[in-house]
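**Student:** So that we are looking at the same thing, I have put the structure below in structure tokens.
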Amino acid sequence: MKIALIGATGFVGSAILNELADRKHEITAIARTPKDTANATWIAADIFNVDALAEILKDHDAVINAYNPGWTNPNIYDDFLAGSKAIQEAVKKSGVKRFITIGGAGSLYVAPDLQAVDTPDFPKEIFPGANAARHYLNIIKEEKDLDWAFFSPAFEMHAGTKTGRTGKYRLGLENPVFNDEQRSILSVEDLAVVIADEVETPKHHQVRFTAGY
């Protein structure tokens, strides 16, 4: 498949890139500051230039959005929302229908009518970004033209842990996937497996989903 990956240099994006490359997909890796690796065609792009981004995205089978303006960015709330909406518009203009976007775990429901981001113990330092992802989920839920899917990671996501890439996971929708120890956990390597599997064999259409062990 020919897949466009936005935010390919980030923590999540780079893991997805590696997984897709291992599966021999043709990847267009899009980033503010592109790298130069043999496993993808790298393109520098400003996501806020909707028309230019749409041209880059044309003729792909799917677009994966791993954009994140940075958790330490003091303007993360505004930048995340503006960037996400610009990317969504560019995908629509490009003519590509399949769109998978990576959001946050904070919008998962831990009780009826209670999202994790609204609980007293939710980390204050990541609240602005998590709140932005929650609000973008509400925006994309109104999207009728794209075959979109919004992925919320597990609460605990690590790289290079003992878990690493197992290729195993369980799927969920609006609620976290907890293991036997009541932990919502998934390595970033297995997050990439989830996204690659979803690209290859779509199961989620115009819904949010999540995964964990």
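The values are calculated or read from the model by the stated rules, or taken from the named source; none is laboratory data. Worth saying up front: this structure is predicted, and the values here are computed from it rather than measured. Positions of Cβ are backbone-derived with ideal geometry, glycine not excepted, and every protein chain shown enters the neighbour counts. Only protein heavy atoms, including side chains, enter the accessible area calculation; ligands, DNA and RNA are left aside. Shrake-Rupley method; radii C 1.70, N 1.55, O 1.52, S 1.80 Å.
**Student:** Go through (1) in contact with a helix residue (DSSP H, G or I) (Cβ under 6 Å, 6 or more places away or on another chain); (2) without any contact (Cβ under 8 Å) to a residue 40 or more places away in the chain; (3) open to solvent by 20 Å² or more (accessible area, probe 1.4 Å); (4) not in a loop (DSSP other than H, G, I, E, B) for A130 and report which single condition fails.
**Tutor:** Unmet for A130, out of (1) in contact with a helix residue (DSSP H, G or I) (Cβ under 6 Å, 6 or more places away or on another chain); (2) without any contact (Cβ under 8 Å) to a residue 40 or more places away in the chain; (3) open to solvent by 20 Å² or more (accessible area, probe 1.4 Å); (4) not in a loop (DSSP other than H, G, I, E, B): (3).
**Student:** Enumerate the pairs (first residue in the stretch 44-68 and over 21 Å from D78 (Cα atoms) and part of a loop (DSSP other than H, G, I, E, B); second residue anywhere and open to solvent by less than 40 Å² (accessible area, probe 1.4 Å) and hydrophobic (A, V, I, L, M, F, W, C)) with beta-carbon separation below 7 Å, excluding pairs fewer than 6 apart on the same chain, so at least 6 apart or on different chains.
**Tutor:** From the stretch 44-68, the pairs are H60/I3; H60/A4; H60/V96; D61/I3.
**Student:** For the structure I just gave you, tell me whether E19 is open to solvent by 30 Å² or more (accessible area, probe 1.4 Å) and out of contact with any His (no Cβ under 7 Å at 6 or more places or on another chain).
**Tutor:** Numbers: open to solvent by 30 Å² or more (accessible area, probe 1.4 Å): no; out of contact with any His (no Cβ under 7 Å at 6 or more places or on another chain): yes.
Here the answer is no, as E19 does not meet what is asked.
**Student:** Additional query: Sort out which residues of the stretch 187-211 are at pLDDT 95 or above, crowded, with 20+ Cβ neighbours inside 10 Å and either touching a Pro at 6+ places or on another chain (Cβ under 7 Å) or outside any helix (DSSP H, G or I) (or both), and write them in order of number.
**Tutor:** Hits for the stretch 187-211 are L191, R208, T210, A211.
**Student:** Right, I100: of a type in the set (A, V, I, L, M) and either within 23 Å of H60 (Cβ to Cβ) or open to solvent by 20 Å² or more (accessible area, probe 1.4 Å) (or both) or not?
**Tutor:** Details: of a type in the set (A, V, I, L, M): yes; either within 23 Å of H60 (Cβ to Cβ) or open to solvent by 20 Å² or more (accessible area, probe 1.4 Å) (or both): yes.
So I100 passes the test.
**Student:** To continue, here is another question. Quick one: how many residues across the stretch 69-85 are among the hydroxyl-bearing types (S, T, Y) and not in a helix (DSSP H, G or I)? Write out each step before concluding.
**Tutor:** Here is the first cut: in the stretch 69-85, the ones among the hydroxyl-bearing types (S, T, Y) are 72, 77, 84.
Still in the list and also not in a helix (DSSP H, G or I): 72.
Total satisfying the criteria: 1.
**Student:** Among the residues of the stretch 150-167, are any of a type in the set (D, E), open to solvent by less than 60 Å² (accessible area, probe 1.4 Å) and not in a strand (DSSP E or B)? Outline the logic, then answer.
**Tutor:** Within the stretch 150-167, the first condition is being of a type in the set (D, E), and the residues that meet it are 156.
Applying the additional criterion that residues be open to solvent by less than 60 Å² (accessible area, probe 1.4 Å) yields 156.
Imposing the further condition that a residue be not in a strand (DSSP E or B) reduces the set to none.
Scanning the stretch 150-167, I find no residue that is of a type in the set (D, E), open to solvent by less than 60 Å² (accessible area, probe 1.4 Å) and not in a strand (DSSP E or B), so the answer is no.
**Student:** Given the conditions (1) modelled with pLDDT under 95; (2) over 19 Å from V12 (Cβ atoms), and given that I126 satisfies all but one, which numbered condition is not satisfied?
**Tutor:** Only one criterion in (1) modelled with pLDDT under 95; (2) over 19 Å from V12 (Cβ atoms) is unmet by I126, namely (2).
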